[in-house]
Amino acid sequence: MEEKKLVPKRRFRGFEGEWEAAKLEDIFNNIGNAFVGTATPYYVEQGHLYLQSNNVKDGKINLDEQVFINNDFYLKQKHNWLRTGDIVMVQSGHVGHTAVITKSLNNSVAHALIMFRDYKINTIPEFINISFKQII
């Protein structure tokens, strides 16, 4: 039986020592759902980008298909605005796919995605994103 390796061969700069197992609740202060409900009445031709499950695939945000919402609905979602470094996960369709919110998507909002926000510990969001990808 192969012994589990406690110290990886490759490391991100600034990280050393043994791997540590952690629960998601030990990493994030806030894990919750983006808006779930009917949002189509708020769709507009131009407005605020509204991320949906079809925008999250293979560890990245894909903006080939974009939906926009009006300013009133956007402002009502302020408590769910995504910040740079947050992670979103698909909960229907291609379940489990994740992506990191980039600077260009700061203050965007989402529909029916699980949001991992407000880190409790110093970490690299891209590493967590890759870790999620390993389990789906």
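So which of K23/K120; K57/K78; K60/K103; K78/K103 end up more than 20 Å apart by C-alpha?
Those over the limit are K57/K78.
By the beta-carbon count within 10 Å of each Cβ, the least crowded to most crowded order of T123, T38, fewest first, is T38, T123. Loop-resident GluC sites (Glu not before Pro) (DSSP state other than H, G, I, E or B) in segment 1-84 with no more than 15 further Cβ atoms inside 10 Å of their Cβ: E2, E3, E16, E18, E20, E45, E65. The tail of the calculated P(r) for segment 15-78 beyond 17 Å holds 60 percent of all Cα-Cα pairs. Once the trypsin sites (Lys or Arg not before Pro) in DSSP loops with at most 16 neighbouring Cβ atoms within 10 Å are cut out of the chain, the longest remaining piece is 24-82.
Given a Förster distance of 41 angstrom, what is the FRET efficiency for Q46 paired with R10, based on the Cβ-Cβ distance and rounded to 0.05?
In this case the efficiency is close to 0.40.
In units of the rule-of-thumb radius 2.2 N^0.38 Å, the chain shows an alpha carbon radius of gyration of 1.17. Taking the fewest neighbouring Cβ atoms within 10 Å as the starting point, the ordered list for V36, V67, V44 is V36, V44, V67.
Using only helices, what value at 222 nm comes out for the chain when you add -39,500 (n - 2.57) per DSSP H run of length 4 or more and divide by the total residues, to the nearest 500 deg cm²/dmol? Each step should come with its number before you reach the end.
On the way: 3 runs with 21 residues, N = 136.
Taking each H run of at least 4 residues, the total per residue is -4000 deg cm²/dmol.
Entry note, segment 27-135: relative contact order of 36 percent, from Cα contacts under 8 Å with a spacing of 6+ residues. Which chymotrypsin sites (Phe, Trp or Tyr not before Pro) does segment 19-55 hold that lie in a coil by DSSP with at most 13 other beta carbons within 10 Å? Passing both the DSSP loop test and the Cβ count: W19.
Mind running the shape call on segment 83-133? Use the C-alpha gyration tensor, a ≥ b ≥ c as the square roots of the eigenvalues: rounded below 1.5 for a/c, prolate if a/b tops b/c, oblate otherwise. It comes out oblate by the Cα gyration axes. How long is the gain from S92 to E126 if the chain were fully straight, where each residue apart is worth 0.36 nm and the alpha carbon distance is subtracted? Extra length from S92 to E126 when fully extended: 10.0 nm.
For segment 82-113 versus segment 19-59, the spacing of their alpha-carbon centroids is 4 Å.
None of the figures in this text is laboratory data; all of them are computed from the coordinates on show. Because the structure is predicted, anything quoted here is derived from the model rather than measured. Using ideal geometry, Cβ is built from the backbone for each residue, glycine included, and neighbour counts are taken over all protein chains shown.
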